[in-house]
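For reference, the structure is listed below as structure tokens.
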Amino acid sequence: MALSSVEDLVQRKAEILRIMHKKAKKALANAAQDHAFTGYFTSTDAATRNAMRARIDRIALDVQSRFHAEEMCLIDPQGNEISRIVGDRIADDLSHQEAHANFFAPGFAHRPRSVYVSPLYLSDDAHKWVMAYVTPIMVGDSKRAILHYEHGLDGYQRMLNRDLDGNEVFLLGVDSQGYVVSDSRRRIESSAHGHHHEQSHAARDYFQRFEFGGASLSDALTRIDRQRMLHDADGRRFHAAYAQVEDWTLLAFRVAAEGDAP
């Protein structure tokens with residue numbers, strides 16, 4: 001029963017995460033189909049172009065109000081922001097250095113009407129760790145820009161950790177670099193540390209690498225595949241199960257009762 005319940009738990013939480021991704025992807029892909037984007041890139045007079053950009057700003061503000069995006073922007077192939085909203089305001093300090101962002105090249109490489117989900121990164125606009133959803137803006141057969149928005153890590157943590165409390169049954173979220181970015185047993189801070197110009201953007205300065213009873217993530221997954229059980233550093237046995245969603249691995253643990261077989 002314990003093994004079955006821990007597998008049910010991780011699959012239930014994985015489905016929650018999948019649904020969050022699905023909703024975010026759908027909202028962004030739908031927003032990108034608005035005629036304002038084609039109008040902006042094909043208009044030949046400044047007045048029409050300005051009107052289309054104003055509409056793009058309104059689209060972003062509407063998406064933000066409905067889906068609580070931290071930031072949303074339109075970026076050209078050279079890495080210049082065409083428009084950006086942060087929270088519920090339109091930004092006027094547009095960046096010209098977005099080509100270095102971890103979502104930039106994969107976003108432009110993605111198929112039309114599809115959405116790329118980035119690894120976590122520290123957002124200079126939201127001042128917290130976020131993941132980006134990115135879709136190309138097509139004009140005819142040409143990719144003229146990417147539309148992207150950011151969702152804060154804390155939102156995913158809240159949904160994954162809901163209804164979990166204590167050390168007997170718990171859930172971990174581990175990203176593609178092997179860092180524990182969500183843990184139902186403790187709060188993992190997602191806000192930036194220190195003053196803006198002194199902030200580290202390195203994941204190691206915010207998160208701990210996964211390790212369980214001396215096992216790395218890959219070792220732990222291999223052991224779970226073999227016997228559905230792990231031992232912590234104190235020798236306690238845990239039923240364990242995992243599921244992978246996008247670039248995260250979710251791991252659920254339940255203390256094994258005495259006499260439980262692997």
Euclidean distance of C-alpha centroids, segment 118-193 and segment 59-89, integer Å: 17 Å
Tilt of helix 46-67 relative to the longest C-alpha principal axis of the chain, in degrees (0 to 90, nearest 10)? 20 degrees
Using the alpha-carbon centroid of each, what span in Å lies between segment 27-50 and segment 201-253? 46 Å
Calculate how steeply helix 217-227 sits against the longest principal axis of the alpha-carbon atoms of the chain, using the helix alpha-carbon long axis, and give the answer as 0 to 90 degrees to the nearest 10. 50 degrees
Let me have the relative contact order for the chain, percent, based on Cα pairs under 8 Å that are six or more residues apart. 18 percent
Order of Arg187, Arg18 from fewest to most other C-beta atoms within 10 Å? Arg187, Arg18
How would you rank Phe108, Phe210, Phe170, Phe253, going from fewest to most other Cβ atoms within 10 Å of each one's own Cβ? Phe108, Phe170, Phe210, Phe253
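None of the figures in this text is laboratory data; all of them are computed from the coordinates on show. Not measured: the values here are computed from a predicted model. Neighbour counts run over all protein chains shown; Cβ positions are idealised from the backbone, glycine included.
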